[in-house]
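Accompanying notes for the structure given below.
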Amino acid sequence: MSDVDFSPEDLMTMKDVLIEHVPHAKAIGLKVEDVKLSEAWLSVAYSEQLIGNPETGVIHGGVITSLLDNACGIAVQLTLPGRMSIATLDLRIDYMKPATPKLDLMAHTHCYKVTKNIAFVRGTAYHTDEKDPIATCVGTFMLAANRAQPLPTTSKAATEAMKILAQKKGGDA
């Protein structure tokens, strides 16, 4: 893993591409806020459509799970030397407190170890202060999950994003 950060131009190219092929992520409004090698920051805006309990206005816990799972997966992708499929093997989430109604959610995840077949990630979901978490997670992801080559990327932006990732990490796009 490297401490090299992506340039603002690289980040703009990659922001939406990293979740563009995940329909559920798009449906709940996940956004990539920032990335660097092996780390990702994602957000989801508060929306009445995402409320789990209409009486309290609290966002459903499944939205937090999706936010953390996607953020972890992106952190793994940002750690790998080249494109490959991944799959969540295990994702443990500890909920510390309910989300506060009408506040957006953030997640910060870090892929801290990669072996031949497994990547290890940890992360936090929060509103404004990562030191005051709504939930924390640890996860493991299987690398080359389907043992097939990734599907060709359909958009020019996605192709460019993968080239940027490969150049920064010294791998193939």
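For the reader, a short list of remarks on this structure follows.
- Top-ranked residue of segment 49-66 - restricted to ones that are over 18 Å from the mean Cα position of the chain (by Cα) and assigned to a helix (DSSP H, G or I), ranked as farthest from LEU105 (Cα to Cα): GLN49
- Within segment 106-150, restricting attention to residues that are of a type in the set (Ser, Thr, Tyr) and within 15 Å of the chain's Cα centre (by Cα), the residue that is nearest to THR79 (Cα to Cα) is TYR112.
- Considering SER66, SER43, the condition of being in contact (Cβ under 8 Å) with a residue 24 or more places away in the chain, polar (S, T, N, Q) and closer than 25 Å to THR115 by Cα is satisfied by SER66 alone.
- In segment 49-64, of all residues being in contact with a strand residue (DSSP E or B) (Cβ under 7 Å, 6 or more places away or on another chain) and of a type in the set (Gly, Ala, Ser), the one that is farthest from ASP94 (Cα to Cα) corresponds to GLY57.
- A count restricted to segment 46-76 and to residues that are touching a helix residue (DSSP H, G or I) at 6+ places or on another chain (Cβ under 7 Å), surrounded by fewer than 23 Cβ atoms within 10 Å (Cβ to Cβ) and among the polar types (S, T, N, Q) stands at 1.
- If you go through segment 38-63 and keep only what is touching a Cys at 6+ places or on another chain (Cβ under 9 Å) and not acidic (Asp, Glu), you end up with SER38, ALA40.
- If you go through segment 15-45 and pick out every residue that is of a type in the set (Phe, Trp, Tyr) and buried (at least 21 other Cβ atoms within 10 Å of the Cβ), you end up with 0.
Just so you know, all these numbers are worked out from the coordinates, no wet-lab data involved. All values derive from a computational prediction rather than experimental measurement. Using ideal geometry, Cβ is built from the backbone for each residue, glycine included, and neighbour counts are taken over all protein chains shown.
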